[in-house]
Amino acid sequence: MIALSSAQLDHIRILAGRAYPEECCGLLIGNDRPDDIVAVTRIVESVNVRRDRARDRFEIDPQIRIAVERELRDGPERVVGHYHSHPDHPALPSATDLEMVFEPSLIWLIVGVTAGRAGEINAYRLDTTAVQFEALKIHENMEPNR
Ligand SMILES: [Zn+2]
């Protein structure tokens, strides 16, 4: 399960709407709770560096990834996943998405955008067979860990 606040989900929807008709993307920073829930602590926006196919492809700026990893090096947080939008397509992983899984540990958050309006957000992770995505439950507004 992945936990995000309503504010984080709204923020992603706003970014997805703003990027329309192109795909938005960015990193999800978070930590692993003892109850096996991945809690997102913040979102780092990226430009979509796939300028040639920005309407149906995305790529997070590698410089942002490097800077984030450096910043997180000695702390409790890590890059837990990333988000991207599907302009005029549902919030389901595409065949291209599956081909683009280079890091099986990362969670994929996909936001569907219809005519500029962001809607459903779904989370996925590669399943244990490592050849397909499985849906991951999103827990919205979990109580902070004590
Ligand atoms: Zn996609």
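We did not get these values from a lab; they are worked out from the coordinates using the rules stated. Just so it is clear, the structure is predicted and the values come from calculations on it, not from any experiment. All Cβ positions, glycine included, derive from the backbone under ideal geometry; neighbour counts span all protein chains shown.
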Inset, instruction - Please give, to one decimal in nm, the separation of the simple spin-label points placed at Ser6 and Phe102, each 7 Å out from Cα toward the Cβ. - result: 3.8 nm
Inset, instruction - Work out how much length Asn31 to Arg51 would gain on full extension: take 0.36 nm times their residue separation and subtract the Cα-Cα distance, in nm to one decimal. - result: 4.1 nm
Inset, instruction - Find out how many positive minus negative residues lie around Gly75, taking Lys and Arg as positive, Asp and Glu as negative, among other residues whose Cβ is under 15 Å from that of Gly75. - result: -1
Inset, instruction - Note the full-extension length gain between Arg73 and Ala95 as 0.36 nm times their separation in residues minus their Cα-Cα distance, in nm to one decimal. - result: 4.7 nm
Legend entry - Stretch gain in nm, segment Thr41-Thr129, where the contour uses 0.36 nm per residue and the Cα spacing is subtracted: 28.8 nm
Legend entry - Using alpha-carbon coordinates, inclination of helix 62-72 to the longest axis of the chain, degrees: 10 degrees
Legend entry - 12 Å beta-carbon shell around Gly30, net charge (K/R +1, D/E -1): +1
